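> Please read through the structure below; I'll follow up with questions.
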Amino acid sequence: MVESVGGYDYEFVTNLPEDLTCVVCHFALKNPVQLEDCGHRFCKECFDQMKQHAMENYLELSCPLDRQQIPNGHVFKDKATERTILNLSVKCRNFGEECTWIGELREALNHGANCPKNAPRGNEKFAIELQQILNGMAELAAKVKSSEGKVRANEEKLKISEGKVRANEEKLKISEGKVRANEEKLKISEGKVKANEEKLKISEGKVRANEVKITANEKKNCR
Ligand SMILES: [Zn+2]
Ligand SMILES: [Zn+2]
Ligand SMILES: [Zn+2]
């Protein structure tokens, strides 16, 4: 038993000719293949299922219409028939009060998405809008969260920077303290130097006074 949903299940505006109908699924041929020897056509999908069925049951593959055997490779894609079928006019699957669309089968394949019958209405429409709003809110919340994460990361960096600044301020204070201590030592040293200079001056004064005395004595001795 071959089960198939191969062909195009549409209502054609003009009756579908028998040679454009698949004998397996009884729908309009979809991706038709033609048998080379008898000329019968099948949907590609329907033919593949026939082949599969024959293989699984060790049967010779044969045309279901005339029982002619189908040698390997005696089948080809029927592009011309495919074009003919796609050019035929069909009614929308929802044809009636809500949709009166009629058009080529190739366009009907894309009509479903635009069919007014498929358009959401009332509560359904509201539910979709609500879902979109909720999705938007969720997206926004995710963005806020990621922003907060960045802010927190920056705050951490800022804390570390502040810590470094404070550490440098401490070092600076210690350095300033040392500088001040050195300045104190320098003042003391300068004071000592000045005191020594005073002492030196006094000594030099005494030396000069003694020299004067010596010179005076020498003069006395020379007489
Ligand atoms: Zn078929
Ligand atoms: Zn045949
Ligand atoms: Zn429609």
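> Fewest to most neighbouring Cβ within 10 Å: what's the order for LEU65, LEU88?
In order of increasing Cβ crowding within 10 Å: LEU65, LEU88.
> Give the separation of the Cα centroids, segment 190-223 to segment 62-104, in Å.
Their Cα centres are 138 Å away from one another.
> Going by the alpha-carbon gyration tensor, a ≥ b ≥ c the square roots of its eigenvalues, is segment 5-49 rounded (a/c under 1.5) or, if a/c is not under 1.5, prolate (a/b greater than b/c) versus oblate?
It is oblate, given that a/c is not under 1.5 and a/b is not larger than b/c.
> Give me, ordered by chain and number, the residues 5 or more places off HIS40 or on other chains with an amide H under 5 Å from its own placed amide H.
LEU35
> To continue, here is another question. Can you find, among LEU172, CYS222, ILE188, the residue farthest towards the positive end of the dipole of the chain? Put +1 on the C-beta of Lys and Arg, -1 on that of Asp and Glu.
It is CYS222.
> Using just the helices of the chain, give the 222 nm mean residue ellipticity in deg cm²/dmol: DSSP H runs with n ≥ 4 each add -39,500 (n - 2.57), and the total is spread over all residues, rounded to 500.
-21000 deg cm²/dmol
> Hey, another quick one. Would you work out the relative contact order for the chain, in percent, from Cα pairs under 8 angstrom that are 6 or more residues apart?
Relative CO of the chain lands at 12 percent.
> Let me ask something else. List the residues whose amide H sits under 5 Å from the amide H of VAL75, counting only those 5 or more places along or on another chain, with H placed 1.01 Å from N in the peptide plane.
Excluding prolines and chain starts, which carry no amide H, the hits are GLU36.
> Next question. May I ask you to evaluate 6.51 cos²θ - 1.76 cosθ + 1.60, the Karplus curve with θ = phi - 60°, for each residue of segment 163-176 and list the ³J(HN,Hα) values in order in whole Hz, giving x for glycine and proline?
In residue order, the calculated couplings are x, 5, 4, 4, 4, 5, 4, 4, 4, 4, 4, 4, 4, 4 Hz.
> Would you order GLU82, GLU156 from fewest to most other beta-carbon atoms within 10 Å of each residue's own beta-carbon? Mind showing how you got there, number by number?
Working: GLU82 19, GLU156 10.
Listing GLU82, GLU156 from fewest to most nearby Cβ atoms yields GLU156, GLU82.
> Spelling out what I want: for every residue of segment 182-191, take phi, set θ = phi - 60°, compute 6.51 cos²θ - 1.76 cosθ + 1.60 (Karplus), and round to whole Hz; glycine and proline get x.
5, 4, 4, 4, 4, 4, 4, 4, 4, x
> Could you list ILE188, ILE102 so that the one with the fewest beta carbons within 10 Å of its beta carbon is first and the one with the most is last? Display every interim value, and only then the final one.
Details: ILE188 10, ILE102 15.
Going from sparsest to densest Cβ surroundings: ILE188, ILE102.
> So what are the ³J(HN,Hα) numbers for segment 46-60, from phi and the Karplus equation (6.51, -1.76, 1.60; θ = phi - 60°), rounded to whole Hz, Gly and Pro as x?
Result, rounded to whole Hz: 5, 5, 4, 5, 4, 4, 4, 4, 4, 4, 5, 9, 6, 9, 6.
> Quick query: amide H of TYR10 versus all other amide H atoms, modeled in the peptide plane; which residues come in under 5 Å with a sequence gap of 5 or more or a different chain?
Here ALA28 satisfy the definition.
The numbers here are math on the coordinates, done by the rules we state, and not lab data. Because the structure is a prediction, the values reported are computed rather than measured. All Cβ positions, even for glycine, are placed from backbone atoms using ideal geometry, and neighbour counts span all protein chains on display.
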